[in-house]
1. Return the pair list, or none, for Cβ contacts closer than 9 Å from residues in the range B:59-72 that are in a helix (DSSP H, G or I) and open to solvent by 60 Å² or more (accessible area, probe 1.4 Å) to residues that are modelled with pLDDT under 80 and among the small types (Gly, Ala, Ser), at least 6 apart or on different chains.
2. Pick from the range B:31-50 the residues that are more than 10 Å from chain A (Cβ to nearest Cβ) and open to solvent by 40 Å² or more (accessible area, probe 1.4 Å): which of them is nearest to the chain's Cα centre (by Cα)?
3. Have a look at B:297, B:310, B:290 and point out the one that is more than 14 Å from every other protein chain (Cβ to nearest Cβ) and within 25 Å of residue B:217 (Cβ to Cβ).
4. Of the residues in the range A:90-100, how many are within 17 Å of residue B:244 (Cβ to Cβ) and more than 11 Å from every other protein chain (Cβ to nearest Cβ)?
5. Determine which member of the set B:193, B:207 is open to solvent by 10 Å² or more (accessible area, probe 1.4 Å) and over 15 Å from residue B:261 (Cα atoms).
6. Within the range B:55-89, take every residue that is modelled with pLDDT under 75 and of a type in the set (Ser, Thr, Tyr) and give me the one that is nearest to the chain's Cα centre (by Cα).
7. Considering every residue within the range A:124-135, establish whether at least one is open to solvent by less than 80 Å² (accessible area, probe 1.4 Å), modelled with pLDDT under 90 and touching a Cys at 6+ places or on another chain (Cβ under 9 Å).
8. Only residues that are part of a loop (DSSP other than H, G, I, E, B) and modelled with pLDDT under 85: list them for the range B:92-125, please.
Amino acid sequence: MKQCSLCQKPEVSVVITTIDKDGKACELALCKECASKKGVGEIKKTILAPQEILAELHDKISADDHKLICSSCGLSYAAFTKAGRLGCETCYETFGNKLEAVIKRIHGTTTHIGKSTTNSKKKITEKFVIKKLQASMKNAIAGEDYEKAASIRDRIRKIKEQSK
Amino acid sequence: MKNIPLSLINELIPSWLDNKTADSSIVLSSRVRYARNLSGYPFPNRASQSELQQVFEMINQAIHDQKNLRSILSESAPVSIDKLTELQAEFLLERHLISPDFVQKSASRKNLKSTKEVRVRGVFINVGETISVMINEEDHLRMQVIMPGFNFKQGFEQLNQLDNNLESMLCYAYSPRYGYLTACPSNIGTGLRASVLIHLPALVLTREIEKVLRAVWQIHFMVRGLYGEGTETKGYFFQVSNTLSLGQSEDEIIEGIEKITQELIAYEEKSRDYLLTNMKSEIEDKIFRAYALLNSARLLTSEEALNLLATVRLGVATQIIRETSLNTLNKIMILLRPANLQIFYNQKMTPGERDEKRASLIRQILSEQKN
């Protein structure tokens, strides 16, 4: 096992490669204590984890960030920087360039490669909408609002036809 | 409830711990997960109770409408998280079937007010406990597949199939530029996280681990403890996962984690050789002491038991200990967790009672296995 070049303790936390007078590379192994005495700290983590990047954002908040609000879910950019979580898919458009810079810092890129999806007609969504409409149609009938019920019935028919 | 037959213990063990692959002494499991959200609904952190409920019902419906999903998942029908007791939720967490976040949120929600018959958060789990689908965690959908040992290929295949099946029914939040959209911008793109649960005792004992982990960080992989974000590394177990989900294809991410896992295995093997050549008696002593303690102790906290187990595991892997097997140790590893122990014995216990039961269960399993 390696030992510290200075105090001979059998512990090495940093190895420094230096060039001596004759131009030869030589290794200096230091234990934690000797390293900090010599002013050689732990090697700084140069890469920040995503959560650290998100946490940093909060310190750089500006007045404008409170005014930048997502039209769809009501989340402000300032609130996003605090929680590190977005409120909905529209936030990605609303927060435009600012968010893009964050994404670039986290991932080193802003372009997706890989699996893609086509949101054409999806059965569940349709089925779900129909279910909801049927419920409100029932309500309308119960409330004797037949005109409304009829218009809902027509909408349901239309959706069903389109999905064929 | 003095002696529980071993066959019963076997039935209670998740199949991903049933380890028969070659690298299983170092790699415990390979896990992959996708994060997805439904288009048109706010992410769970901004969604109203009724929106969460709608999302829940849509996903529930999608799973029941798909023949192949129904056959895999509907047995579990789904487990409604908000209705679980704290102990049951912990049990699932200890088995890596739900996330720590999911447990906490359900606990805090319960304190708010008891909602009527509203299902907003739940999880589908298959019988072998290799697949879990969480609804309304940080994202609307978090699906994961865990495979025993070093096996990302098969795990990813299953995950992708699961995702394709759901995708044919549901509208996902997706942007051509950023890919799949998630609540946290760190998950966008593929929404894929691949993580390996790996046992690196020799790297820790030779103090090479820091250097190795630093190198892992440098190439954008994250190292965490046994139970994910914010948990300590216990018993020489580490979870290594990709941090980047955007700008790489799914296959590239899988190749990346496979490559780093192979390197960690090679490095750990080298360190084991070093230990056995240069510090043989010290290592043997450490291993046999740990084994003796597990065989004789009358009180064991889960942390102590896990640490001892991890040392014995090294002993079995290096064939210093031949009386027990990795499979047995895997079983003990899951059963010794506080909630699993209590569910296994079907009784609530104080920490002191648990330490006693834990010690006796471990003694029993180890001694029955010798016979």
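The values are calculated or read from the model by the stated rules, or taken from the named source; none is laboratory data. None of these values were measured; they are calculated from a predicted model. As a convention, Cβ positions derive from the backbone with ideal geometry for all residues, glycine included, and neighbour counts pool all protein chains shown. Surface accessibility is based on the protein's heavy atoms, side chains included, excluding ligands, DNA and RNA. Shrake-Rupley method; radii C 1.70, N 1.55, O 1.52, S 1.80 Å.
1. Taking only residues 6 or more apart or on different chains, the pairs are B:64/B:74.
2. Ranking the candidates gives B:31 first.
3. B:310
4. Qualifying residue count, the range A:90-100: 0.
5. Values: B:193 fails: over 15 Å from residue B:261 (Cα atoms).
It is B:207.
6. Top of the filtered list is B:76.
7. The answer is yes; a qualifying residue exists.
8. Quick first cut of the range B:92-125, residues part of a loop (DSSP other than H, G, I, E, B) only: B:95-99, B:113-121.
Within the range B:92-125, B:113, B:114, B:115, B:116, B:117, B:118, B:119 qualify.
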